[in-house]
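Structure first, commentary second.
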Amino acid sequence: MREFKKIADLHAILGESIGTSDWLLIDQARVNQFADATGDHQWIHVDVERAKEGPFGGTIAHGFLTLSLLPAFLSTAFSIADVRSGLNYGLDKVRFIAPVPVGSRLRANFRLVGFEPISNEGAQVKFEMTVECEGAGKPACIAESIMRLFPQ
């Protein structure tokens, strides 16, 4: 995990990779919980037997499940010691490039693509998140996450 002392330290690495998360297993239980939480019970995600005959040979994770793992990925990719709070400000350019088969492991690489100082020595930052599915030739998801970071 990459560590930074202050929010302002990020400004010097604008355009660079800021960190890569640990691998995270996408199992059927996680997919089913996401389906229950969102009401999206499409068979390609939750019906293991039917999905064997589907286009991917098994169940796949919801695209929005992959995207929703952003906080989990962030928590193991990097830390900023003086952050008191970080608020989700939105997303830009979200794309689901390739399916995520259940049983896969994912990780995310973060690149800092935007940094704007805001009040109280905070900053609005934009990270390009590229989610990699272990062994796959294409990313599962690429998205730009905008956050507001506030110091202690």
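The values are calculated or read from the model by the stated rules, or taken from the named source; none is laboratory data. From a predicted model like this one, the values you see are computed outputs, not experimental measurements. Positions of Cβ are backbone-derived with ideal geometry, glycine not excepted, and every protein chain shown enters the neighbour counts.
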Here the residues within the stretch 1-23 that are of a type in the set (Val, Ile, Thr) and loosely packed, with under 14 Cβ neighbours inside 10 Å are none
Counting only residues in the stretch 24-33 that are surrounded by 15 or more Cβ atoms within 10 Å (Cβ to Cβ) and under 18 Å from the mean Cα position of the chain (by Cα), the one nearest to Arg148 (Cα to Cα) is identified as Leu24
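Look at the stretch 1-51 and say how many of its residues are more than 27 Å from Asp82 (Cβ to Cβ) and of a type in the set (A, V, I, L, M). Before you say what the answer is, go through the steps one by one.
Taking the stretch 1-51 first, the residues more than 27 Å from Asp82 (Cβ to Cβ) are 23, 25-51.
Of the ones still in play, those that are also of a type in the set (A, V, I, L, M) are 25-26, 29, 31, 35, 37, 44, 46, 48, 51.
The total comes to 10.
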Review point. Is there a residue in the stretch 90-109 that is of a type in the set (Ser, Thr, Tyr), within 16 Å of Phe4 (Cα to Cα) and touching a residue at least 12 places away in the same chain (Cβ under 8 Å)?
Key: no
Contact list, first residue from the stretch 1-24 and within 25 Å of Leu69 (Cβ to Cβ) and in contact (Cβ under 8 Å) with a residue 12 or more places away in the chain, second anywhere and in a loop (DSSP other than H, G, I, E, B) and of a type in the set (A, V, I, L, M), beta-carbon distance below 8 Å, six or more apart or interchain, is Glu3/Ala81; Phe4/Ala81; Gly19/Met1; Leu24/Leu69
Screening Ser21, Ser75, Ser17 for residues that are under 18 Å from Met147 (Cα atoms) and touching a helix residue (DSSP H, G or I) at 6+ places or on another chain (Cβ under 8 Å) leaves only Ser21
So the helices (runs of 4 or more DSSP H) completely within the stretch 34-152 holding 3 or more residues that are at pLDDT 95 or above, surrounded by 14 or more Cβ atoms within 10 Å (Cβ to Cβ) and in contact with a strand residue (DSSP E or B) (Cβ under 7 Å, 6 or more places away or on another chain) are 63-68, 70-77
